1. In segment 44-55, what residues are over 16 Å from Thr235 (Cβ atoms) and either surrounded by fewer than 24 Cβ atoms within 10 Å (Cβ to Cβ) or out of contact with any strand residue (DSSP E or B) (no Cβ under 8 Å at 6 or more places or on another chain) (or both)?
2. Which condition number in (1) modelled with pLDDT under 95; (2) surrounded by fewer than 21 Cβ atoms within 10 Å (Cβ to Cβ); (3) small (Gly, Ala, Ser); (4) within 25 Å of the chain's Cα centre (by Cα) is the one that Ser153 fails?
3. Of all residues in segment 234-247 being out of contact with any Pro (no Cβ under 9 Å at 6 or more places or on another chain) and touching a residue at least 24 places away in the same chain (Cβ under 8 Å), which is surrounded by the most Cβ atoms within 10 Å (Cβ to Cβ)?
4. Among the residues of segment 205-213, is any of a type outside the set (A, V, I, L, M, F, W, C), within 25 Å of the chain's Cα centre (by Cα) and either surrounded by 23 or more Cβ atoms within 10 Å (Cβ to Cβ) or within 20 Å of Asp85 (Cα to Cα) (or both)?
5. Return the residues of segment 263-310 that are among the charged types (D, E, K, R), surrounded by 24 or more Cβ atoms within 10 Å (Cβ to Cβ) and closer than 22 Å to Ser375 by Cβ; say none if nothing qualifies.
6. Take Gly231 and tell me if it is free of Cβ contacts under 8 Å to residues at least 40 places away in the same chain, surrounded by fewer than 23 Cβ atoms within 10 Å (Cβ to Cβ) and not acidic (Asp, Glu).
7. Please enumerate the residues belonging to segment 115-147 that are free of Cβ contacts under 8 Å to residues at least 60 places away in the same chain and not in a helix (DSSP H, G or I).
8. How many residues does segment 462-500 hold that are touching a residue at least 60 places away in the same chain (Cβ under 8 Å), among the aliphatic types (A, V, I, L, M) and under 16 Å from Gly272 (Cα atoms)?
Amino acid sequence: MTGTRTPNPNPNPTRDRDPEPTDTLTVDTVIVGAGAAGCVLAARLSADPNHTVLLLEAGPDHGPFDPGRWPAELLDARSAARGHDWDLAAPPCCARARVVGGSSAHNGCWATLGAAADYDAWRPPSGGAITHETLRPHLAEAMATLRVRTVPSEDQTPWHHAVIEAAGALGLPFLPDVNAADAREGIGWVPLNAVGRTRWHAAFAYLDPARDRPNLRVLADTHADRLLLTGDRATGVAAVHAGRPLTVRAGTVVLACGSYGTPPLLIRSGIGPEPELRRLGAPVVLPLPGVGENLTDHGSLGLMLDPTSVLAERMPDAAESYFAQSLVKARSSRAVDDDWDLHIVPSAGPAEDAQGFYNGPLSAGLYVFVMAPRSRGRVRATSLDPTAPPEIDHGFFTDPEGHDIRVVLDGVDLARDLASAGPLAGLAGVRRATAAEREPAAVRAAASGYWHPVGTCAMGPEDDPMAVAGPDGRVHGLANVHVADASLMPVIPRANTHLTTVAVASLLAERLTTTGVAAG
């Protein structure tokens, strides 16, 4: 392997002159980030009573499930939340939650699976270690633990029933289970990780059963500043807790800060693209050009409709219904296999404002998502300050061949047909498209995402200069630092990414435990 993977034994010493932290904790494993992946890892690794685990979270910890302690918006499964967002000034597609439970405590509770081919596409970058076959039991276990079920009949609205009927008029079959192996095209009710109307997120499902273990500690309100490195090993993490410097000494460091958070932490530690490290004044400890690259999300366009008075009369009180309930899976003219490459998500309810809160007048739309995108973006640190927001460039609809634009326009055409079919035509009108709206510049200007960022620390073989970690999550060039969140995914699944993130964390925890790496 070339020297680009070898830590610099004499990095720029500027960062080493920081005052010595006044507080120190020592554990076997420190997990940075208490989102979906972090909660799974903390529960699994602390199952060994002789192994001490510290889970760090920048946001608050509202404790075990208790409706009296948890904010109502984090409990309400019927609509996505943003009250604990890192940066409300950022576009909604950049949303990420700062709270124990992470974005699983903010999301829309959708629990869908990718196609088997998506996970089999991980075979080459993982050297055969991760495939659909290896992930399948972890995906099934995630669905059971998160208590996944479909939208109950009492919450199904006339709008979504009309969408299903309209889809049938176009020849799209009804899918009793949108996650079934043969559910390649059609429409069905969305599976949700919810108990009643409570968002059953990862902190409730995984962390709560482990909270009383004496070898597990959850430390909230703690910003991870950087890794503490000696040669090819991390000795721990430098952090700030409640305004005081904190040093965490650990035999193993697991990064679970998500696709937007893990790259900046590595960059602040001197690990990443060398020009970025020098620009920020970080020490060049380990040049890894792939850190922050390969950002992938499902680019989208919304086809907004004009609600009629009939829809207004039939819609239930917005506070009493799930905002999104049904899902269309479809194939564009560019589909490369027998599986779907489009999602169409019908919605009707209060309009979304600029910050992503649903509090406006009645709105209706059909949102089209490219599920096998070829466009890539990137994430960068903007400062060595751990509280500074990252720079996020999704790169929606920028692939050189224009593949993603063609796919999304196929989806918009299908959405128009859907809006004009059956009973939907009487609930909302659709205006004619203009040629200008189909121009690439117009598509990019109107683009958004699906809140599914992956890939910014992608797994791959050590001789791939853009790969950041191996199939066990171990960062190339470091002996005891592992990435275990969605940033590790080399290929995005054709689904929302919550279940897959949980499954990946579960698989990596199993392998860390089996190999003894997590024992330090």
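The values are calculated or read from the model by the stated rules, or taken from the named source; none is laboratory data. Fair warning: this is a prediction, and the values are worked out from it, not measured in the lab. Methodologically, a virtual Cβ is constructed for each residue, glycine included, from the backbone with ideal geometry; neighbour enumeration extends over all protein chains shown.
1. Arg44, Ala47, Asp48, Pro49, Asn50, His51 - these are the residues of segment 44-55 that are over 16 Å from Thr235 (Cβ atoms) and either surrounded by fewer than 24 Cβ atoms within 10 Å (Cβ to Cβ) or out of contact with any strand residue (DSSP E or B) (no Cβ under 8 Å at 6 or more places or on another chain) (or both).
2. Evaluating Ser153 over (1) modelled with pLDDT under 95; (2) surrounded by fewer than 21 Cβ atoms within 10 Å (Cβ to Cβ); (3) small (Gly, Ala, Ser); (4) within 25 Å of the chain's Cα centre (by Cα) leaves (4) as the failure.
3. Val237
4. yes
5. Within segment 263-310, Asp297 is the sole residue that qualifies.
6. no
7. Matches in segment 115-147: Arg123, Pro124, Gly128, Thr131, Arg147.
8. Total meeting the criteria: 7.
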